[in-house]
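Notes follow once the structure below has been shown.
What follows is calculated from the coordinates using simple rules that are stated; it is not laboratory data. Since the model is a prediction, treat every value here as computed from it, not as a measurement. Ideal geometry is used to build each Cβ from the backbone, glycine not excepted, and the neighbour counts take in all protein chains shown.
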Amino acid sequence: MIMNYLKKITGTLLLCFIAFSCAEDDNDLGFVNGVATPSNIALLVQLSQDNSGTATLTPSGESTSLFTLDFGDNSGTVEIIPGNSVSHIYSEGSYTATLIAENINGETTEFTQQVEVSFLPPENLVVTINRVAGDNFSIEVSAEADLAVGFEVLFGDVQDETPTPMMVDETITHTYPDVGEYQLTVTALSGGAETTSVTETVVIDNPIVLPIDFESETIEYVFEDFGGAINTVIDNPDASGVNTSSKVVEFFKEPGAETFAGTVISLGGPIDFSEFQAFKLDSWSPLAGSTVKLKLENANDPNISAEIDALTSTTNAWESIFFDFSSADLSQEYSKVIVFYDFGNAGNGDTFYYDNIEQTSVASTQIGLPLDFENANLNYQIIGFEGAESELEANPDPSGINTSDNVIRTTKTVGAQFFAGTAIPLDVPIDFSSTESISMKTWSPKANIPVRLKLENSSGDFVELDVNTTVTNQWEELTWSFTGMTGGIEFTQVVVFFEFVVDLPGDGTTYYFDDVELAISGIGLPLDFEDPIANYQIIGFEGADSALEANPDPTGVNTSSTVVRTTKAVGAQFFAGTAIPIDEPIVFSGTEQIKMKVWSPKLDIPVRLKLENGNGEFVELDVNTTVTNQWEELVWDFSGMNTTPAFDTVVVFFEFVVDLPGDGSTYYFDDIDYAN
């Protein structure tokens, strides 16, 4: 375009010259022919210092009307009018720029210029590494540097690692496979050969932090045992009730272990008490009323510590126990958690379990089971009704199984309704996930009177059972078995009736009760003999040899693993049999039938089922076998008999025929349960 413009100017000048020559001398063009060939050609190259590769190129020369510049990087040519410059971006490298200068006659002179483009190394490289919140194995990396056009990162966790690119102002995340020290290298790129690198050590650890659930496969749970305690993370041996998690800690207190045997769990940092000042721990203990001590200690000074005791309230079942540290000096730094079981007693070879150590709010002000009436901070509502006067009072007889300070007194006033009783609303519904039995300590001046325990809610749902007192003027513990009756219903009120006899009015008698709680999950119906933890007592007597054994014929109606074998030895008494004591008494409600699976080599022989208790009360009934050498289910219907007592022993007799001695036959039975 510039060339066309110059040609037009030249043409115009020539016409002028022709016009003048016509006036003066048509053949005089000497001044044009006298224009010199371009000379003194030069090319000034000015490179920026920001690693952008930008160059400013300024041509110069004499007798030149136009420059044509080839940058030497295969990007093409450009025309430049003398006195002007051109900007061009080079990559790092060496180039030969070619400049052609042309005069108005079209004569040219060529000039070459070496262009050296080299980038400076990036400066002031700063690398920022941050942990990803909630993920001990992940980091975030960013970097900044002067003269950098980008970055590359080597995280240092694999061999022959391929660098990960990272743009300016970009943050990238990386997850390490395991704990350890890693060398992380960030390289700042100049856009050319020059680079600047920084290497940082990244320490990946996975410290123990609250809450501690012992479920992580990447955390190394370290126990500093002392005094004869041995702590180990194991599979939950009793995944039920309040703790169905997979992993727990086994606390074994060796025989002869110190009274203060325990273990230290070191945390990754000081405990934060800004929100929670109490701790909760899920506990499983073979001992009720045993002291669990939780101690918090400074990492460097054992004299800086705080400790709280709590008591187990059940046996062989999970429960949550609480430790209120709100009165401790929480301005101190505590980073060690120390657990003691059965504190104050020497080791006896007992095994305890604990799990889910976590912070919680200061001990709950909500009322729920167990009800021991000892917490002065709780607002127990004790509601007597229909002529029952009920109050929280001091224990009038702190002896025997109940030496606690506070109990509930209820007086069934003269003329009170037979259904006069005491209601206690609960804030926390009763959790029957681990057991469906409730125990309560009672004190009564009358023996063999029914005590009705009723559980209900605001929706009108309820269950109720009667259990008779067995002693007078002393504390005893009664148990109500609601097995099969609770049906997942949430009960939020406990109601207690003494001497619940229809149409029998109150006579002014005073009773007491205390410690309403979920009963120890003991042995009771149904008896399937499959629980590996349960201590089944299989008692053969009068020539019957009885024991738990593997099912010899897992077919038909009984494919279970374990059954009871009983062999009626040669010459055994005709009343030789098998007694099985149970912890949860049989209480008939809604049915008076019991079913049992039996296996007999003999047809049409009587099988006697007897239910009895320690007071000499019993019911018994014979039902004959109908098949041989296979399992069948028999049903004993006790309707019409006195099934009111609570029976705590099941007795089974095979071939109960008077004066017929044993002949060495072997029988089996299983799955004793209520029948519909």
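By its C-alpha gyration tensor, with a ≥ b ≥ c as the square roots of the eigenvalues, how is the range 261-379 shaped: rounded for a/c under 1.5, else prolate for a/b larger than b/c, else oblate? Because a/c hits 1.5 or more and a/b fails to exceed b/c, the range 261-379 counts as oblate.
For the range 599-676 and the range 337-390, what is the separation of their C-alpha centers, rounded to whole Å? Here the answer is 42 Å between Cα centres. Assuming 0.692 mPa s and 37 °C, estimate D for the chain with Stokes-Einstein, Rh taken as the Kirkwood radius over Cα pairs, in µm²/s. Rounded, D is 95 µm²/s. Evaluated on the range 493-562, the Kirkwood hydrodynamic radius is 17.5 Å, with distances taken between all distinct Cα atoms. Approximating the spin labels as points 7 Å out from Cα along Cα→Cβ, the residue 458-to-residue 247 distance works out to 4.2 nm. Which shape class applies to the range 457-522: rounded if a/c is under 1.5, otherwise prolate when a/b exceeds b/c and oblate if not, where a ≥ b ≥ c are the square roots of the Cα gyration tensor eigenvalues? Oblate, since a/c reaches 1.5 and b/c is not below a/b.
Helix 2-23 and the longest principal axis of the Cα set of the chain meet at an angle near 20°.
For the range 559-621, what value does the Rg/Rh ratio take when both radii are computed over Cα atoms and Rh is the Kirkwood radius, given to two decimals? Write out the running numbers ahead of the final one.
Values: Rg = 14.1 Å, Rh = 14.6 Å.
My calculation puts Rg/Rh at 0.97.
Scanning residues 5 or more positions from residue 278 or on other chains, those with amide H under 5 Å from its amide H are 325, 360, 362, with H placed 1.01 Å from N in the peptide plane.
Per-residue Karplus couplings for the range 572-588, computed as 6.51 cos²θ - 1.76 cosθ + 1.60 with θ equal to phi - 60°, are listed in order as 4, 4, 4, 9, 4, x, 10, 9, 10, x, 10, 7, 9, x, 6, 10, 7 Hz, Gly and Pro entered as x. From the Kirkwood radius over Cα pairs of the range 108-244, Stokes-Einstein at 25 °C and 0.890 mPa s returns a whole-number translational diffusion coefficient of 128 µm²/s. The stretch between residue 538 and residue 629 holds 30.5 nm of extra length on full extension. This uses 0.36 nm per residue minus the Cα-Cα distance. Each residue, residue 210 and residue 298, gets one label point 7 Å from its Cα in the Cβ direction; the gap between the two is 1.8 nm.
Backbone amide hydrogens, once placed in the peptide plane, bring residue 437 within less than 5 Å of 482, 519, excluding anything fewer than 5 places away on its chain.
Be a star and scan the range 273-291 for residues whose amide nitrogen sits under 12 Å from the point 7 Å along the Cα-to-Cβ vector of residue 326. Output list for this probe position: 276-279.
Just to verify a number: FRET efficiency for residue 75 and residue 194, C-beta to C-beta distance, R0 = 22 Å, to 0.05? Could the numbers behind the result be given before it?
Working: r = 23 Å, r/R0 = 1.05.
It comes out at approximately 0.45.
Per the Debye calculation on the range 449-566 with a single equal scatterer at every Cα and no solvent contribution, log₁₀ I(q)/I(0) for q = 0.21, 0.22 Å⁻¹ amounts to -1.21, -1.28. Annotation: amide H-H contacts under 5 Å for residue 189 (H modelled 1.01 Å from N, sequence separation of 5 or more, or interchain): 149, 150, 151, 152. Working note: Debye formula, equal point scatterers on the alpha-carbon atoms of the range 35-117, no solvent; log10 I(q)/I(0) at q = 0.11, 0.15, 0.16, 0.20 Å⁻¹ is -0.28, -0.50, -0.56, -0.82. All distinct Cα pairs of the range 135-208 go into the 1/r average, and the inverse of that average, the Kirkwood radius, is 13.1 Å. Express in % the proportion of alpha carbon pairs of the range 539-675 at distances exceeding 23 Å. For the range 539-675, the fraction of Cα-Cα distances above 23 Å is 30 percent.
For residue 620 and residue 379, what does the FRET efficiency come to when R0 = 60 Å and r is the distance between their Cβ atoms, rounded to the nearest 0.05?
Efficiency computed from Cβ-Cβ geometry: 0.75.
Count charges around residue 95 for me, please; just the other residues with Cβ under 12 Å from its Cβ, Lys/Arg as +1, Asp/Glu as -1.
Numbers: positive: none; negative: 70, 73, 92, 116.
Once positives and negatives cancel, what remains is -4.
For the range 158-172, backbone phi angles converted through the Karplus equation (6.51, -1.76, 1.60; θ = phi - 60°) give residue-by-residue couplings of 9, 7, 6, 5, 8, x, 9, x, 9, 6, 4, 6, 9, 10, 10 Hz, Gly and Pro being listed as x. One Cα centroid belongs to the range 267-322, the other to the range 525-554; the line between them spans 39 Å.
At an R0 of 30 angstrom, the distance between the Cβ atoms of residue 386 and residue 361 translates into a FRET efficiency of 0.20. Residue-wise HN-Hα couplings along the range 99-112, as the Karplus relation 6.51 cos²θ - 1.76 cosθ + 1.60 with θ = phi - 60° gives them from phi, are 10, 10, 9, 10, 8, 6, 8, x, 6, 10, 9, 9, 9, 10 Hz; Gly and Pro carry x.
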